[in-house]
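The values are calculated or read from the model by the stated rules, or taken from the named source; none is laboratory data. Predicted, not measured: the structure shown is a model, and the values here were computed from it. Positions of Cβ are backbone-derived with ideal geometry, glycine not excepted, and every protein chain shown enters the neighbour counts.
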Amino acid sequence: MAKTIIAEGRTSTEAIEKGLNELGVSKDAVEIKVLESDDKRSFFSILAPRVVKVEMTLKEGVEPRKVDNHKSHKQENHRNQNREEYRPHIEKPKVHLKPEELEQATKNLTEFLNDFVAKVSDMEYTIHSDENYIYVEMKGEDAGTFIGYRGETLNAMQTVLTSIANKHLETKAHIVLDIVGYREKRQKALEELADKLSKTVIRTGKQLTLEPMSAYERKIIHNRLQNSEQVRTHSVGEEPYRKVVISKK
């Protein structure tokens, strides 16, 4: 009987890659069926952790191979290091909105948030902007429930607000959502982490790769260490799994 497994990931691509790694075969050696997709998620389901499931069945005559995961991870890390070694650590510059686009983006956000806070909870919000970002701040008794583990729910909401703000816009608006001051606390924690890890890199001489972060959080790490005379930073990987690497100069 053909071997069948169920693989999970945040995207179908991630789930398929995990399944292929488990089976030790290439993509053309399996039949793939997406069991659970997030293509038609509602706003409220988007706030939940994203899980995509795929069913993978080996084609007739194909046998799974034993995979040396440690070896494959080392090879992949080596390839990533070679590709990213000279990548500059500065995030892509933001394109500024025209005054009429800023007005439209603010209008889009206001219409949605008025409806959202009325239906979801007793919360209030404010919107302000600078030359790079539109900031949305939410406060209220139950607002903290929309932060999630390490800000996952907050970031999901920020993605939704970004899509809403950009309706009818030619230039992309960049939204930063904060809930009951979480961003400030997270920024302080990330800056302390950057300081701690930079000392480790200086002491050991070995580079360190952080966990995946949003562009906004990666920028905090980069900015914290950009004036260091002993370490440098750059980013590796693809969104939404892009990571910061700290290495010795």
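Tabulated results
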read-out: Hits in the stretch 219-249 (condition: of a type in the set (A, V, I, L, M, F, W, C) and farther than 20 Å from residue 174 by Cβ); value: 225, 231, 236, 245, 246
read-out: Selection within the stretch 129-159 - within 15 Å of residue 181 (Cα to Cα) and not in a helix (DSSP H, G or I); value: 135, 136, 137, 138, 139, 140, 141, 142, 147, 148
read-out: Hits in the stretch 1-24 (condition: in a strand (DSSP E or B), at pLDDT 80 or above and in contact with a helix residue (DSSP H, G or I) (Cβ under 7 Å, 6 or more places away or on another chain)); value: 5, 7, 8
read-out: Positions within the stretch 160-187 being within 22 Å of residue 103 (Cβ to Cβ) and part of a helix (DSSP H, G or I), in sequence order; value: 160, 161, 162, 163, 164, 165
read-out: When residues of the stretch 105-126 are limited to those that are at pLDDT 90 or above and surrounded by 16 or more Cβ atoms within 10 Å (Cβ to Cβ), the one nearest to residue 178 (Cα to Cα); value: 125
read-out: Number of positions in the stretch 188-238 that are over 13 Å from the mean Cα position of the chain (by Cα) and either assigned to a loop (DSSP other than H, G, I, E, B) or on the phi > 0 side of the Ramachandran plot (or both); value: 8
read-out: Any hit, the stretch 239-246, residues being out of contact with any Pro (no Cβ under 7 Å at 6 or more places or on another chain), of a type in the set (D, E, K, R) and in a helix (DSSP H, G or I); value: no
read-out: Answer from 209, 204, 200, 233 - the residue that is more than 29 Å from residue 101 (Cα to Cα) and surrounded by 19 or more Cβ atoms within 10 Å (Cβ to Cβ); value: 233
read-out: Answer from 141, 170 - the residue that is touching a residue at least 60 places away in the same chain (Cβ under 8 Å) and either within 16 Å of residue 108 (Cβ to Cβ) or assigned by TED's automatic domain parsing to the domain that holds residue 120 (or both); value: 170
